[in-house]
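*Asks:* Next up is a structure, given as structure tokens.
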Amino acid sequence: MPSAVFFTRGSKLEFSLMLVGWGAETMEASSPLKALLATFNAAKGLGAANRGRYSNPKMDAVLDQAMATVDDARREKLLQQATVIGVGDLGILPLYHQHNLWATRQRHHLRRASRRTNVAHEFRPAITATA
């Protein structure tokens, strides 16, 4: 079915299971955890894509603590802990992890962000040293 229909119906909780993909441009787990596994709370903007309405107060507490932590190493450990809780509860079933490969000619340079698209302004001529 077209994505507009699929996601509209999914948001109305019409499916018992959905197969979808998720990418995190920040390259850390807070985005998918907040959207996919946090207990649904429209007022706080949590669980917006939690169409199975998974809910675990312990996972929510660890995620809240991670979101309030500015120390990168501590935040990463907390996000890992929240992920272990959510995946351990089968709140989501990670089936596939996509890896993208990029290559350019030597005379080109591609500045890659974590997203999965190419845009022209990210390509630059390579800077070469001259004698």
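Only the coordinates and a few stated rules stand behind these numbers; no lab work does. Worth saying up front: this structure is predicted, and the values here are computed from it rather than measured. A quick note on method: Cβ atoms are made from the backbone with ideal geometry, for glycine too, and the neighbour counts reach across all protein chains shown.
*Asks:* Quick check: pseudo-label points 7 Å beyond the Cα along Cα→Cβ at Leu90 and Phe40, how many nm apart are they?
*Replies:* Result: 2.0 nm between the two label points.
*Asks:* Then there is this: I'd like the FRET efficiency for Leu19 and His108, computed as 1/(1 + (r/R0)^6) with the beta carbon distance as r and R0 of 41 Å, rounded to 0.05. Let's see the in-between values first.
*Replies:* Details: r = 36 Å, r/R0 = 0.88.
It comes to 0.70.
*Asks:* Tell me whether region 1-82 comes out rounded, prolate or oblate; compute the Cα gyration tensor, take square roots of the eigenvalues as a ≥ b ≥ c, and use a/c under 1.5 as the rounded threshold. List each step's numbers first, then the result.
*Replies:* On the way: a/c = 2.66, a/b = 1.88, b/c = 1.41.
Prolate.
*Asks:* Something else now. Rounded to the nearest 0.05, what FRET efficiency do Ser3 and Ser31 give with R0 = 22 Å and r taken as the Cβ-Cβ distance? Could you check? Could you put the intermediate results ahead of the total?
*Replies:* Numbers: r = 20 Å, r/R0 = 0.89.
After rounding to 0.05, the efficiency reads 0.65.
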